[in-house]
1. Taking the conditions exactly as written (modelled with pLDDT of 90 or more, surrounded by 14 or more Cβ atoms within 10 Å (Cβ to Cβ) and over 14 Å from the mean Cα position of the chain (by Cα)), does Q86 satisfy them or not?
2. In this structure, does V99 turn out to be on the phi < 0 side of the Ramachandran plot, open to solvent by less than 80 Å² (accessible area, probe 1.4 Å) and assigned to a loop (DSSP other than H, G, I, E, B)?
3. Answer with yes or no whether V29 is out of contact with any Lys or Arg (no Cβ under 6 Å at 6 or more places or on another chain), within 16 Å of L14 (Cα to Cα) and open to solvent by less than 30 Å² (accessible area, probe 1.4 Å).
4. Could you check the range 32-45 and list, in sequence order, the residues that are among the aliphatic types (A, V, I, L, M) and surrounded by fewer than 16 Cβ atoms within 10 Å (Cβ to Cβ)?
5. Against the definition (charged (D, E, K, R), under 13 Å from the mean Cα position of the chain (by Cα) and within 21 Å of K4 (Cβ to Cβ)), how does R65 come out, yes or no?
6. Quick one: how many residues across the range 13-65 are farther than 21 Å from E104 by Cα, acidic (D, E) and assigned to a loop (DSSP other than H, G, I, E, B)?
Amino acid sequence: MTEKKLSPVLENYLEIIFLHDGAARASDVADAAGVTRSTVTSALKALQRMGYVEYEPYSLIHLTRDGMRVGRELAHRHIVLQEFFQHVLQLDEKLASSVSCDLEHILPREVMLRLGQ
């Protein structure tokens with residue numbers, strides 16, 4: 001299957017939903033991302049067109065199988081990076097988490113594999 005190109009913002013939304021056990025409300029996503037519900041709503045429509053979420057207004061957002069896979073991968077990337085920054089580079093937790101969130105979207109798979117080792 002060809003991977004659909006996701007922006008870092010859309011990836012963040014998938015990760016947030018994944019961390020809510022694969023089902024969340026738009027308000028949960030908006031609160032976690034620090035954006036408005038209307039911003040999330042338009043993004044959810046895009047994610048639905050791409051096949052990553054099942055979404056109906058005023059209902060729970062559910063990740064599809066592809067959405068779960070991407071969400072799991074992003075959450076794993078975040079954990080690997082945060083652990084590296086906190087325990088190897090000795091950065092404080094808040095900074096480690098912030099940098100991890102930025103880098104999880106751009107580092108190539110090969111780099112992530114090495115960091116995980």
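1. Here the answer is yes, as Q86 does meet what is asked.
2. No: the conditions fail for V99.
3. Against the criterion (out of contact with any Lys or Arg (no Cβ under 6 Å at 6 or more places or on another chain), within 16 Å of L14 (Cα to Cα) and open to solvent by less than 30 Å² (accessible area, probe 1.4 Å)), V29 qualifies.
4. V35
5. no
6. Counting residues in the range 13-65 that are farther than 21 Å from E104 by Cα, acidic (D, E) and assigned to a loop (DSSP other than H, G, I, E, B) gives 1.
Here is a yes/no grid of residues against (1) under 20 Å from E73 (Cα atoms); (2) crowded, with 16+ Cβ neighbours inside 10 Å:
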| site | (1), (2) |
| --- | --- |
| K4 | yes, no |
| L10 | yes, yes |
| Y13 | yes, yes |
| H20 | yes, yes |
| A24 | yes, yes |
| S59 | no, no |
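The values are calculated or read from the model by the stated rules, or taken from the named source; none is laboratory data. Worth saying up front: this structure is predicted, and the values here are computed from it rather than measured. We place every Cβ from the backbone using ideal geometry, glycine too, and count neighbours over all the protein chains shown. Heavy atoms of the whole protein, side chains included, go into the accessibility calculation; ligands, DNA and RNA do not. Shrake-Rupley method; radii C 1.70, N 1.55, O 1.52, S 1.80 Å.
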